[in-house]
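For reference, the structure is listed below as structure tokens.
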Amino acid sequence: MYEVRKAARTYRIYDRVNKRYVANTKDERAANDLAQDLLHSCAFEGAIPNFFLQDKRFGINLDKKRCK
């Protein structure tokens, strides 16, 4: 189960089953979209691998620019 939590100007997606944050963003809509996608898809068969979130206190920063 995933939920969006607001902290100041940031929206964080929290995994209630594993008790950890999986992502964060300043865009409320993006946070809600990701939470819904995680709830309704088969991504990682419901369990995000530990290495994916290793050393990330609030999960993956969705606002960070990606390399091309």
Among what's in region 36-68 and is among the aliphatic types (A, V, I, L, M) and either modelled with pLDDT under 70 or not in a loop (DSSP other than H, G, I, E, B) (or both), pick the residue that is nearest to TYR11 (Cα to Cα).
ILE60
When you look at ARG12, is it part of a loop (DSSP other than H, G, I, E, B) and modelled with pLDDT of 75 or more, yes or no?
no
Which residue pairs have Cβ atoms under 9 Å apart, sit 6 or more places apart or on different chains, and have a first residue in region 1-27 that is of a type outside the set (D, E, K, R) and a second that is in a loop (DSSP other than H, G, I, E, B) and modelled with pLDDT of 95 or more?
THR10/LYS26; TYR11/LYS26; TYR11/ASP27
What number goes with the only condition from (1) modelled with pLDDT of 95 or more; (2) closer than 14 Å to ASP63 by Cβ; (3) surrounded by 15 or more Cβ atoms within 10 Å (Cβ to Cβ) that ARG29 does not pass?
(3)
Taking only region 6-18 into account, find how many residues are under 12 Å from the mean Cα position of the chain (by Cα), over 9 Å from ALA31 (Cβ atoms) and basic (Lys, Arg).
1
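The values are calculated or read from the model by the stated rules, or taken from the named source; none is laboratory data. For clarity, every value in this text was computed on a predicted model and none was experimentally measured. Cβ coordinates were reconstructed from backbone atoms using ideal geometry, including for glycine residues, and neighbour counts include every protein chain displayed.
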